[in-house]
Structure formats: structure tokens, C-alpha cells
Amino acid sequence: MLRPRIIPCLLIHNGGLVKTVQFGDPKYVGDPLNAVRIFNEKEVDELMVVDIDASRHGRSPNEQLIAQMAAECRMPLCYGGGIKSVEQVERLIGLGVEKVAMSSAAVADSGLLGRCAERVGRQSVVVVIDVKTSGLLRKPEVVTLNGTNRTGLDPVKFAQSVQEAGAGEIVLNSVDRDGKMAGYDLELIERVKKVVHVPLTVLGGAGSFDDIRALAQRYPVIGAAAGSLFVFKGKYRAVLINYPPRSERDVLARPSARPAA
Amino acid sequence: MVTLADYGLGNIQAFAHIYDRLNIPVEVATTPGQIAKAERIILPGVGAFDWAMRRLNASGLREALDERVLKGGVPVLGVCVGMQMMARGSDEGALPGLGWIDAEVRKFDASVIGDSPLPHMGWNDVHPASSGTLFRGIEAPRYYFLHTYYFAPDSSADVLATANYGSDFAAAVARDNVFGTQFHPEKSHQWGIDLLRNFAEL
Amino acid sequence: MTKHVYPERRPYQICTKLVMDTSDPGITFDADGVCHHYHDFHQNVKPHWHVGPEGRQRLEAMVDLIKKDGKGRDFDCLMGLSGGADSSFMLHMMVKEFGLRPLVFHVDGGWNSELAVSNIQVLIDKLGLDLFTEVINWEEMRDFQLAMFKSGVPHIDIPQDHAFIAVLYEFAKKYKVKYILNGGNISTECVRRPLDIIYWGTDMRQINDILGRFGTVPMKTYPFSSIFYHKLYLRYFGGVKVFKPLNYMNYVQSEAKDTLEREYGWKPYPQKHFESRFTRFFEGYWLPTRFGYDMRRVEFSSMILTGQMTRDEALARLEQPAYDPELIRQDFDYIAAKIGITSDQLREYHEMPLKFWWDYKNIRNVFEAGEWVLSRIAGTRRGGAF
């Protein structure tokens, strides 16, 4: 039985791991390589690493660091940040990354997605959709470049279009809920899930394993990603990498965990 | 010695690291000469079928592989697209495959998988048909899958293990010295490491 | 100024009662071949070591003081958790049995093993405590560690140790906690490690000299401490006291590990110091192969003195390498990559001429004088964590 994927999401800023709140206020949480290694030993389902500076500052991915991280992963690794070309995507796949994630590049040039899919296969092309609710009408909107650029695009329509253009997975990220640990944006997820038939991964707001459990019960096939949840512990936000043990994760896959047909 | 066929696609590093840690000699083959002397071969692969076949054909390794596998009879393990390439052909592309196993590669059918998403992505349980060879000693195996097309052998005798996505499909195949896994053992933690060790010890 | 020579040229000799040998600079033997550590323990340590009812009394008295001081405040004492057996057991005892309310912190220097992280978590969760962490900036830590390698001295573990001490005292100051609990213990650590190998981690003159010569990254956030501020000011004017509870109970490490496993699902480490990949490499490989110094001799000798191990057992274990050679090989490459150098470069540092604390600027004399003074007025000894 295909299990829900539970995915730690790590952010890299100035070469170090950070955690943000609503995409701001980065708190240093340590060395990326050691974190990746610990997650690997915890046998996480898969791992997502995003360089939040690269696209914004026009930098390309730090291939040396990426290769080192990929070498430590005995589970799939998805990397995002600063990707703009098919050649970069191919090179990263060659370094041992299973999936490559794009955000601003997908907005700028949707043809890029198809070209990447042709080379490395659709399953390795991921589009990250950062969604911020803004304006007087509180309309959700796709934002890019670490939340600094507003595109005016509607997330649901955008999800459909990148899917058509060749994305093999969509990561739906709520900027408003980032770092708050107050639950996923279930309403937004429901609207996007309706139109998406590639795997969907959601990010932003997970506060406890209960949030993940609730998500898996509603959507049997989904990716539940989290940053703060797997990196912080307790009310003083101690930095301590944690992840649900296999016994807890396995419960999610049991048929009884599913909603009645 | 495990020989990794490097034709430009596939996670060579991951396989190399695993065998390194297991202290099993491993080499990366980029020349036909290396393939010709190989004792056992891993054929990795990611990406689209045609692109992979094109790269393989252009790498210069194709003929040496055919020779070593079909005539030499050395064990070969195709992984993901590497396995798919061993079929006659794929719905995904126009180029012919290696034809090492009588099979076609088909797209998961919407009528079978319902509204489950494609590609098939994530950890899924694998049910070996027998407890020998690749799955020897592995308890409750589960592996990471990442694919939109599946391997459909003509003969069910070639199915070494199944997984379920809508219905059962071949998660692993074996015919004489030719083995294949649709899933990624190099990215499936201990289950994958054990399977790769088993392959090295065949 | 005496010229220091290392290693001293002398014929090999090993203590007939312990397993300390001539790899320990400064070791002396009596006519029966018994080393000074043995006598030092029986003369200077054992008489003041109270386990049993008297120990219990002193422990309870200390606990009362701590509780009184902590009334009405969030925390009554302070302790660092590395994930290792000693500090873990101490936490268990002081919270579960004595009801203390410690501020528990962990210093993340970038080398945590998964087992350490997981062990810390089970303790914190089951005891219902809140954890603080201090994450050292990795770029700075990395450069500091690389500078230590470049300097050629034995004590390359200083960057981790120093940060711990500095963070500890910073917490004491910030949260106005007077009582620091330290998991150092006579039971496994009574034999003192030679200063030539494990030099003072708080000699800022030395640290600054080494960083000045070999460091490349500005130390903007790394927590530096000053022994003057910490040991002198805070301890003798600020009223901060360090207390080693494990010395007041019959601490048997193997039993402690069993208790931790049973009550918390705490998992034992394959070997000592496996909480930190760097420390296990440092003690299990670097020191023995580069300086001929095997720290296990100190640990086992301590355990022989405290009846937890026989000399034969110790000798048998010393026959085996400190840890699996295959793992050592992997760690070597991992550490080189993590520090940002090639394995070949790390090999060069491993082979370079030996250097010691006296090859760099230092205030060793001040420390020696201070140690003498403190031992007279406060009965303290250098040992344990600091």
C-alpha cells in the first residue's frame, strides 16, 4: 500500500540551515550536512532542501554542498533554489538528487518544465507554489523569490497550468502559516487537490503529528512536509532534530486510517 | 566486484557509496572494455525512456552490455528506467528497448488507479514471489517508487515481486541472469542496502 | 623556563595495578611498579569520596539548598545535556528522585550523532522538561576546528568543549541560576588526564594565538569565555557553585545505563563519546595514532580504582582498537569533508610534526597558580568536565 510521504523541509540561507516565520526572521539552526545525516539515520521518507537565497540573489545552486548532501541520503532528496535551466536540472540529477524543484523559473518560463521533463522525466520535476494571502480582499496569491515578488497569479489556476506544462509533483507552501505551527491551510489544500492529478505535497504550518495524521486521513495519497515541526522542540524552540518513528508512521498507512469510501 | 554502467544517467554515486560502506568492491564503467570484464552489472536509470535509450546507445556501452549479459550470462540489475530499458519498448517513447526480457512498458491506466495521482511516488510495500535471490532475508520489504510507467512482462514467471497501485504490477523481475527493480534500492534505506548486498552475493 | 620534550624517552612501563603506562607524560612508578595515579586516588580522592549514607546526607543537603534558592523562580539549577550516559543519568536522578527543576540545555556544535539527539529527546519527553539549545555557527566552528588541526596540538577538541563552558556560564548569568549540576564523576574519571594532551580549554591567550595564526573566518557569534570571568568572578563573587551529584551516590555506569534504557528507552552508545562523531574520532583514533595516547587507559584505570572493572578486562579491551577500523576509515573521510578539506590534507595534518601547548602563547603559569590556590581554599581538583 502506498504510504503518505512525511517530508522534512530544510531551508538554507547563507550556507547554514535556518527556520523562518512567514518567510521572515530566519533563525540559525545549524550545519546542513549534519542535519541531513541525522535525518538519514532517522530513516525519513524523503528530504527536501531549499536554498532560499539563490533565486533572489541570482545565484546558482551550490553544487558541492548538494553533492555532499546527496551522498548522505539513503532516501530521495529534492533540491530547490536558483534553478533556471535544463542543464542545471540535468547536472543536479547527475549529482544524486532525485527531484529538482523550481518556483520563480516556473512562473517565468513554463516551457522550461516540459523541456526538463523530456530529459529527466516528469517524476523529477517539482514545482513549488508559495502562496500568500494579501490585499484587502484576502485573496491567496502566488509569490516568488522568498516571498518578495507578487505574481498576481491564482494558486489553483497556476497549479493546473504547471501540471499541464510538465510538473510531476507540486509542493503547495503557505507563506502565512510558515513557522507558526498552527496547522496546515486545509482549505487551500482542498481547492488545489481537486484540480491536481500529480502527487501533491503540502508545507507550511504543521504543528504536531496530529496535523499530519489528520491530513493523511483526509487524503490517503499526499506528501506532508514540515520544517519547524522536525527541527524545533518545546516552548523555548530548542533545536533538536526529531521525526516520528516508523511505528507511528505505519499507522497512517493502515486501511482503518482511511475515511470511509 | 560490482560494475556500475555509467552511460550518463542514473544515480551512480548512491550505488557506489552503498557498496563502499558494505566493503564490496565496486567500479564505475565508462568503457566497453570494462563492461566486457564485468562480473556483475548494475544498469541504473532515471528520466524518460527515449532519452535514456538514446544516451545508452550513444555511450558505446550498448554492444558490450548485450554481449556480456546475453552471451556472457553475468548477473545484471536494471533499476527504474534501467529496468524498463530491458523490455522490448515503452508506451513512453518510440525507441526500441534492449529486449532482454519479453515485456512491454505501459502507462498506469486511469481506469485501474482511479484518481490516485501519477507518477506513482513514495514508499510502497513489495511482495516477493519467493524468498530467495534479491529479497533473501529481507523482512516486510518496502521501497521508494518514482515512476509513471510500469513493466509488464509477457510471462508472469518473470515477476520476482509485486507492488500494488490500483492493482498489482511488477515491482521486480528476474529471468535467468537478468534482474530488474522498478523501485530505487539505492534510496530505500536498509531494505535497499540489503537488496544490493544480495545482488552482489548472487 | 623548562624545555618541554615530548614524548619523554624512557623505557616502556605499565602500572601493575592499573593500565596507565608511559604514554602518560609525567607518570611515576614506585618500587613495586605501581603508578602515582593509584596512590593519588587512595591518598587524596578516596578519603573525601562519600557514597552510602553520608553521601546521601550531603546530597540531600545540597538539594535543599538548591530548592530553597530556586523558590519562586522558573529553574533552581542548571545542567548541560550531551546525550551521554553520565549527564543523562544525573538528570534522571535529580529530577525523578530529588524533584529538582533544572534548566536543561544542549550545545549543538554540528557533530551530534542521531543517537545523541534521540536520547536527549526521550529524556526530555519522558521527564516533561523544556530544553534550551545553543547552536554554534557552523562556519565559525568549522574554521576553529580546522585551525586546531593546522596548529598540530593534541587538544583539537577544544572548540566543542570551550563552547560548552561558555554557554553554561552564560545561562547561569542570564537566568540567575546559582547551582550548576555537572555529570563529572570520580567513578569513571578519577584518574586525571595529562595537561600536555588535554590542555586547558579556557586559555584564551592560546586560543587567540592559534586562531590568529590559522583561523580564516571572523568569530562573530562563537561563544568565547574567560576563565577569569567564569571561574573567578561568577564562582567566587557571583556565588555560582558547581555540584557533581554523581559523586555522592554509588554510581556504577553499567547499572545507570540499564536504568536509563528501562525507564526511558535510552539507547546505549556503541562506545564512549559516540554522542559526538568528532569526539569519538578524536579519542578513538587521532590521539592514539598521532600522539600515542589512548584515553581509554584513563577511563579503565578509573573504573579499576572504583571497582567497576578488573585489570585483566581492561587489558583485554585495550588489545582491540577503540572502535571498528572500518568506521574509523569512514569517519576520517567524513570529518575531512565536513571540515572542508580533502582526506589527503587531513592525512598531512595527521603526519605533521607534533606541537604542544608550549609551542604557542599561553598563560599556563596563571592556571597552575590558580589551580594551586583553589585546591587550598576550596578543595577542588582539575578533572571531570572542567
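Throughout, read-outs are computed from the coordinates displayed, never taken from laboratory work. On a predicted model such as this, the values are computed, not experimentally measured, just so you know. For neighbour counting, all protein chains shown are included, and Cβ atoms are generated from backbone atoms with ideal geometry for every residue, glycine included.
Side notes on the structure shown:
- Nearest-0.05 FRET efficiency for C:LYS220 and C:TRP372, computed from C-beta distance (R0 35 Å): 0.45
- Pairs of Cα atoms in region A:1-109 fall into 10 Å distance bins, from 0 up to the last occupied one, in shares of 14, 48, 32, 6, 0 percent.
- Under the convention that each Lys and Arg Cβ holds +1 and each Asp and Glu Cβ holds -1, the size of the dipole of region A:63-131 around its Cα centre is about 120 debye.
- Restricting the calculation to alpha carbons of region A:36-173 gives Rg and Dmax of 14.9, 47 angstrom.
- Reduced Cα scattering model of region A:178-260, Debye log10 I(q)/I(0), q = 0.10, 0.17 Å⁻¹: -0.26, -0.72
- Under a model in which nothing but the beta-carbon of Lys, Arg (+1) and Asp, Glu (-1) is charged, the protein assembly as shown shows a dipole of about 2340 debye around its Cα centre.
- Scattering curve values for region B:78-138, log₁₀ I(q)/I(0), Debye with Cα scatterers, q = 0.15, 0.23, 0.24, 0.28 Å⁻¹: -0.66, -1.09, -1.10, -1.11
- The label point for C:ARG290 and the one for B:ASP50, both projected 7 Å from the Cα toward the Cβ, are 5.7 nm apart.
- Stokes-Einstein diffusion coefficient of chain B, Kirkwood radius over Cα pairs, 20 °C, 1.002 mPa s, in µm²/s: 129 µm²/s
- Length released on extending from A:GLN217 to A:SER134, taking residue separation times 0.36 nm less the Cα-Cα span: 26.9 nm
- Amide N proximity, region A:106-131 versus A:GLU164 label position 7 Å along Cα-to-Cβ, cut-off under 17 Å: A:106-115
- Pairwise centroid distance, computed over Cα atoms, of region A:121-168 with region C:76-117, Å: 44 Å
- Expressed in Å, the radius of gyration and Dmax of the Cα atoms of region B:37-128 are 14.7, 47.
- Sparse-neighbour loop sites [GluC sites (Glu not before Pro); region B:87-151; at most 13 other C-beta within 10 Å; DSSP]: B:GLU139
- Near-label residues of region C:137-167 by backbone N, under 15 Å of a point 7 Å along Cα→Cβ of C:LYS173: C:163-167
- Over chain A: Rg over Rh, Cα atoms, Kirkwood Rh: 0.93
- Note on region B:19-60: along the principal axes its Cα atoms extend 35, 22, 12 Å, ordered by decreasing extent.
- √(5λ) per eigenvalue of the Cα gyration tensor, the protein assembly as shown, largest first, Å: 53, 32, 25
- Choice from C:THR306, C:THR22, C:THR216 with maximal GNM fluctuation in chain C (Cα, 10 Å cutoff): C:THR216
- Fraction of antiparallel bridges per DSSP, chain C only, in percent to nearest 5: 20 percent
- Net dipole in debye of region C:6-143 [+1 Lys, Arg Cβ; -1 Asp, Glu Cβ; about Cα centre; nearest 20]: 540 debye
- Relative to one another, the C-alpha centroids of region C:252-300 and region A:59-117 are positioned 40 Å apart.
- Rg over Rh [alpha-carbon atoms, Kirkwood Rh] for chain C: 0.94
- Remark on A:TYR236: its backbone amide H falls under 5 Å from those of C:LEU131, a criterion applied only to residues 5 or more positions apart or on other chains, H modelled at 1.01 Å from N.
- For region B:147-202, projected area of the alpha-carbon convex hull averaged over all directions, nm²: 4.3 nm²
- Using every pair of separate Cα atoms, the Kirkwood estimate puts the hydrodynamic radius of region C:225-314 at 16.3 angstrom.
- With 5 Å bins beginning at zero, the pair-distance distribution over Cα atoms of region C:171-267 amounts to 2, 9, 12, 15, 16, 16, 14, 9, 4, 1 %.
- Karplus-derived 3J(HN,Hα) values for region A:105-118, using 6.51 cos²θ - 1.76 cosθ + 1.60 with θ = phi - 60°, are 5, 5, 6, 6, 8, 5, x, 4, 4, x, 5, 5, 4, 4 Hz; glycine and proline are entered as x.
- Taking the convex hull of the alpha carbon positions in region A:20-61 and averaging its projected area over all directions gives 3.9 nm².
- For region B:31-55 versus region B:115-137, the gap between their alpha-carbon centres in whole angstrom: 23 Å
- Candidate aspartates and glutamates for bridging to B:LYS71, where Cα separation is under 16 Å - those fewer than 8 sequence places away on the same chain excluded: B:GLU39, B:GLU63, B:ASP176
- Grouping the Cα pair distances of region C:278-383 into 10 Å bins from zero gives a pair-distance distribution of 12, 28, 30, 24, 5 percent in increasing distance order.
- When both bridge partners sit in region A:115-190, DSSP labels roughly 55% of those beta bridges antiparallel.
- Between A:HIS57 and B:SER111, the FRET efficiency from the beta-carbon distance, with R0 = 51 Å, is close to 0.60.
- Mean sequence separation of contacting Cα pairs (under 8 Å, at least six apart), scaled by the length of chain A, corresponds to a relative contact order of 18 percent.
- Amide H within-cut-off set for C:ASP108, under 5 Å, with H built and near neighbours excluded: C:GLU134, C:VAL135, C:ILE136
- Spherically averaged projected area of region C:109-210 from its Cα convex hull (nm²): 8.5 nm²
- 5 angstrom amide H check on C:VAL19, placed H, neighbours 5+ away: C:SER301
- Antiparallel DSSP beta bridges within the protein assembly as shown, percent to nearest 5: 40 percent
- For region B:75-90, the Karplus equation 6.51 cos²θ - 1.76 cosθ + 1.60, evaluated at θ = phi - 60°, returns couplings of x, 10, 10, x, 10, 6, 5, x, 6, 4, 5, 6, 7, 6, x, 9 Hz by residue, with Gly and Pro reported as x.
- Mean-square fluctuations from a GNM of chain C, with a 10 angstrom spring cutoff on Cα atoms, peak among C:LYS241, C:LYS267, C:LYS96 at C:LYS96.
- Taking the C-alpha atoms of region C:1-152, convex hull volume expressed per residue in Å³: 226 Å³
- Our Cα-only numbers for region A:121-261 put the radius of gyration and Dmax at 15.7, 45 Å.
- 3J(HN,Hα) along region A:31-38, derived from phi through the Karplus expression 6.51 cos²θ - 1.76 cosθ + 1.60 where θ = phi - 60°, amounts to 7, x, 5, 5, 5, 4, 4, 5 Hz, with x in place of Gly and Pro.
- Calculated P(r) of region C:98-150 - Cα pairs past 13 Å, %: 67 percent
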